[in-house]
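Just so you know, all these numbers are worked out from the coordinates, no wet-lab data involved. Worth saying up front: this structure is predicted, and the values here are computed from it rather than measured. All Cβ positions, even for glycine, are placed from backbone atoms using ideal geometry, and neighbour counts span all protein chains on display.
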Amino acid sequence: MFHHFKKLLIVMASFLLLSTSFLVEATGKGLFWQVEAPNGTVSYLFGTIHTDDNRVTDFSRPILDALKAVDLFVMEMQPNSDPANFMMAEGSIKDMLNEAEVEQVKALTDFHVMHLSQALTMKPWLLAVVFSQYKPQTPYSQDNLLMRGSQDFGKSIKGLESSQEHFGVIDGFSMDDQLVMLRTALSLTEEQKETNFETLIAAYLKGDSDALLALDAEITGASLSKGLWQRMRVKLLDERNVLMAERAIPLAQQQSVFIAVGAGHLAGDGGLIHAFQQAGFTLKRIKK
């Protein structure tokens, strides 16, 4: 039931397929890339959206062929095996909210098929991520299906982040800040959640990573104070982009890899597309 937490990186910070393909020179946009190291090793970089929606989980032949061709599948996070990574060290959300807010938490917990006892001790910022979704998530998100497909092809699996790193990214924020995030999620109507989701899906299907990154920032930044959003962006996107590049680039220099990370981590001067280019890789965009 915790798989839906991975939607965090697309919704909160950018926190965000192809039927036929051809290659064009890199322009900084796009969601599916062939990346060739200076030594000639060919790998792939793919921007995901953390959802189980069938509009993005029906993978095209080029994606499946790329999964078959590589030696290693690399995803954002090493699969989590410790539910404690989701939980507060102490305390209960029930004691931090007013009565009406607690009732909202109970209703949304039921809607998202969670155990109330666990929801009430979950890190508020993670609970905010769950509650910002307009439908429950399943274990069949795009990321997990890519991983399972890789396993079916006999590939090894590696995460760029440990589960502790991934789920601890906002732990340094005060409890007051995290409660602001949670209350913001509680204030969203079902119509707003669905509209946000459909807008992101539509942008994703167009395959423009720059536009998707801007849209993510617009949706999330509009609901939080400028200062809080900027601090979140640094932690959720900027710092993690540096870490991902530091770990992904050496892997792609050593062997053929398929790297699948949230689409928001690809675009911009601090994104992985630019990082691979700066490291001397030749990038070619695979698109419809």
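Between residue 156 and residue 171, the simple label model (points 7 Å from Cα in the Cβ direction) yields a spacing of 2.7 nm. Helical runs assigned H by DSSP (4 residues or longer) give the chain a calculated mean residue ellipticity at 222 nm of -13000 deg cm²/dmol, each run adding -39500 (n - 2.57) before division by the residue total. Placing unit charges on the Cβ atoms of the charged side chains and taking the dipole of the chain about its Cα centre, the candidate lying farthest along the positive direction among 258, 147, 85 is 258. Near residue 68: Cβ cut-off under 15 Å, other residues only, Lys/Arg at +1 and Asp/Glu at -1. The net charge is 0. Report note on the peptides 183-189, 67-73: ranked by the mean count of other C-beta atoms within 10 Å, highest first, their order is 67-73, 183-189. In the range 204-288, the alpha-carbon atoms span a convex hull of 95 Å³ per residue. A full extension of the chain between residue 100 and residue 117 corresponds to an added length of 4.4 nm, given 0.36 nm per residue minus the alpha carbon distance. Karplus-based coupling profile of the range 116-124, in residue order and whole Hz: 4, 4, 6, 4, 6, 10, 6, 4, x, with θ = phi - 60° in 6.51 cos²θ - 1.76 cosθ + 1.60 and x standing for Gly or Pro.
The distance between label points at residue 279 and residue 110 comes to 4.9 nm (points 7 Å beyond Cα on the Cα→Cβ vector). Under 17 Å of direct C-alpha separation, and excluding same-chain neighbours fewer than eight residues apart, residue 135 reaches these lysines: 6, 7, 106, 193.
Stretched out straight at 0.36 nm per residue, the stretch from residue 78 to residue 246 would grow longer than its current Cα-Cα span by 58.9 nm. The residue among 229, 181, 32 whose Cα reaches farthest toward the positive pole of the charge dipole of the range 3-287, with charges on the beta-carbon of Lys, Arg, Asp and Glu, is 32.
Only the Cβ atoms of Lys and Arg (+1) and of Asp and Glu (-1) were treated as charged; on that basis the dipole of the chain about its Cα centre amounts to roughly 740 debye.
In terms of its Cα atoms, the range 3-287 spans 60, 33, 32 Å along the principal axes, sorted from long to short.
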